[in-house]
Amino acid sequence: MIAGHWSVVVVGGRIAGATAAWALAPYAEKVLVVDASQATSFWPQQSTWDRDGAILWDDLGLLDTVLACGAPRTYGHTFRFEDEVSEQDYPQQDGYSYRMTVPREVLDPALLRAAQSRDNVTVLRPGRVRDIVTRGGRVSGVTVRHQGVEHAVSCDLLVLADGRLSRNADRVGAVPYQVIPSPWVAMLAYFADLPLPTDRGYIHLERDNVAISTPCGPRQWCVSTDMHQAMLDASGRHPAQEFARIIAEDPHIGPAVALGRRITPVGGAGKLRMHRRPMSGPGWCLVGDAGYHLDPVVARGTKVALVGAQLLRDRIAAAGDVAGAVLDGLTEQRDAALEGDWELAEQACLPAPVRS
Ligand SMILES: Cc1cc2nc3c(=O)[nH]c(=O)nc-3n(C[C@H](O)[C@H](O)[C@H](O)COP(=O)(O)OP(=O)(O)OC[C@H]3O[C@@H](n4cnc5c(N)ncnc54)[C@H](O)[C@@H]3O)c2cc1C
């Protein structure tokens, strides 16, 4: 039975939504997750985290789940800037001191399965939240469309984890207070059986593009590029063609991909806009890209999702239940926790260099 009252309704069931549902379930009577996406064999996005991400997964009780996805730990990367090559090793402070990348089509279903393993979590997929109901200035429910039928649902808390293009964030009045257009186009594809190390990544930085290869599964690598839109405009080529050129010409990745196999299409995104919105208001909260979108060039979207879920969980845990939680001040707390990440991404999104 979908219609009726739920303690928490989570809109979006990928990294941010599935993690939030898992983390909030112990403090809620009933949690409903509504996700509009279809299961797919390829989402052109990655998930990457460093030591701080591993600590966050552990704190949220999901570290075993994400480790079971089978991605290798990496302990450093080869860094190339034009003709200079150096080896970067990650400081070994403790058992969390590694970097990990997991394909989203592996990670997201694993997180959603974990959430669903809680007795009090129900997942509707595909389902869509179409309208938000407010009463006395407070969000009190939503309209859910599932299998062609509309259901009126009320809730104590609405968690919007519906991604960077969230229309529901606009509906609750979470107007962005900072927007930064990005000059980057991010493209990626997955490859198998490359003759590359399985415990090290590779980053090649040029003036207007970056090429990266990252081990991400058993004998699997994610190969990605970030390219300035200005470079694409100058070449007149499609981003997928430019991806193929950059990869083929790269002295480390080029010879490797010639020997391995590409196992997904090439996909990605461009013309993105970083944004920050208020994290909470009466009866609602935003987690993940919906409230805080960092450009993919810094690969910190996973950390954003985990920080948001953790902060929200801590507020609810402090109150003992969802209805009693105080959500004021979450925006400031989140922005402080992610300040260095925002600054890095802002710096990376400075206007494109002019080609001579
Ligand atoms: C090319 C690319 C490369 C990236 N690389 C990295 C990387 O290396 N490392 C990293 O950490 N991050 C990376 N990111 C960023 C990362 O993908 C995002 O930060 C992350 O996907 C955000 O997760 P989310 O759960 O907030 O939103 P999303 O993953 O966007 O999920 C939102 C979900 O909400 C659903 N939804 C939307 N509207 C509704 C509705 N009305 N009702 C119900 N459901 C709805 C959608 O169908 C979707 O399933 C990359 C992104 C891109 C585009």
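I'd like to check something: does the range 306-313 contain any residue that is open to solvent by 10 Å² or more (accessible area, probe 1.4 Å), farther than 12 Å from LEU330 by Cα and not charged (D, E, K, R)?
Taking every residue of the range 306-313 in turn, none turns out to be open to solvent by 10 Å² or more (accessible area, probe 1.4 Å), farther than 12 Å from LEU330 by Cα and not charged (D, E, K, R).
With within 10 Å of the ligand (Cβ to nearest atom), open to solvent by less than 10 Å² (accessible area, probe 1.4 Å) and under 27 Å from CYS222 (Cα atoms) as the only criterion, which of SER37, SER47 stands out?
SER47
Test of understanding: among GLU105, GLU87, which residue is among the acidic types (Asp, Glu) and at pLDDT 95 or above?
Within the list GLU105, GLU87, the selection yields GLU87.
For (1) at pLDDT below 95; (2) among the hydrophobic types (A, V, I, L, M, F, W, C); (3) away from the ligand (no atom under 15 Å from the Cβ), each residue gets a yes or a no:
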| position | (1), (2), (3) |
| --- | --- |
| THR143 | no, no, no |
| HIS151 | no, no, no |
| GLY163 | no, no, no |
| SER166 | no, no, no |
| ARG171 | no, no, no |
| ALA174 | no, yes, no |
| MET187 | no, yes, no |
| ASP193 | no, no, yes |
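Evaluate the range 7-18: report whether one residue or more is surrounded by fewer than 16 Cβ atoms within 10 Å (Cβ to Cβ) and either within 30 Å of ASP208 (Cα to Cα) or touching a residue at least 24 places away in the same chain (Cβ under 8 Å) (or both).
Scanning the range 7-18 turns up no residue that is surrounded by fewer than 16 Cβ atoms within 10 Å (Cβ to Cβ) and either within 30 Å of ASP208 (Cα to Cα) or touching a residue at least 24 places away in the same chain (Cβ under 8 Å) (or both).
Would you mind finding the one in ALA21, ALA28 that is in contact with a helix residue (DSSP H, G or I) (Cβ under 7 Å, 6 or more places away or on another chain), closer than 29 Å to HIS151 by Cα and at pLDDT 95 or above?
ALA21
If the requirement is being within 16 Å of the ligand (Cβ to nearest atom) and open to solvent by less than 10 Å² (accessible area, probe 1.4 Å), which of these qualifies: GLY283, GLY288, GLY301?
Checking each option against the conditions leaves just GLY288.
Given the residues ARG273, ARG277, which is the only one that is farther than 26 Å from ARG200 by Cα, open to solvent by 30 Å² or more (accessible area, probe 1.4 Å), within 13 Å of the ligand (Cβ to nearest atom) and modelled with pLDDT of 95 or more? Outline the logic, then answer.
Values: ARG277 fails: open to solvent by 30 Å² or more (accessible area, probe 1.4 Å).
Unique residue meeting the criteria: ARG273.
How many residues does the range 304-318 contain that are out of contact with any Ser or Thr (no Cβ under 9 Å at 6 or more places or on another chain) and either within 17 Å of THR48 (Cβ to Cβ) or near the ligand (Cβ under 9 Å from one of its atoms) (or both)?
Selection size over the range 304-318: 2.
Go through the residues of the range 51-72 one by one and say whether even a single one is more than 15 Å from the ligand (Cβ to nearest atom), polar (S, T, N, Q) and more than 22 Å from the chain's Cα centre (by Cα).
no
Taking only the range 124-155 into account, find how many residues are open to solvent by 50 Å² or more (accessible area, probe 1.4 Å) and either of a type in the set (S, T, N, Q) or not in a loop (DSSP other than H, G, I, E, B) (or both).
12
Could you please find all residues in the range 1-11 being of a type in the set (Val, Ile, Thr) and assigned to a loop (DSSP other than H, G, I, E, B)?
ILE2, the sole residue that qualifies.
Answer yes or no as to whether VAL9 is over 25 Å from TYR190 (Cα atoms), within 11 Å of the ligand (Cβ to nearest atom) and aliphatic (A, V, I, L, M).
yes
Residues in the range 175-184: is at least one more than 22 Å from the chain's Cα centre (by Cα), open to solvent by 40 Å² or more (accessible area, probe 1.4 Å) and hydroxyl-bearing (Ser, Thr, Tyr)?
no
The values are calculated or read from the model by the stated rules, or taken from the named source; none is laboratory data. The shown structure was predicted, so the numbers you read here are calculated from the model rather than taken from an experiment. Cβ: placed from backbone, ideal geometry, glycine included. Neighbour counts: every protein chain shown. Protein only, heavy atoms only, side chains kept; ligands, DNA and RNA dropped before computing areas. Shrake-Rupley method; radii C 1.70, N 1.55, O 1.52, S 1.80 Å.
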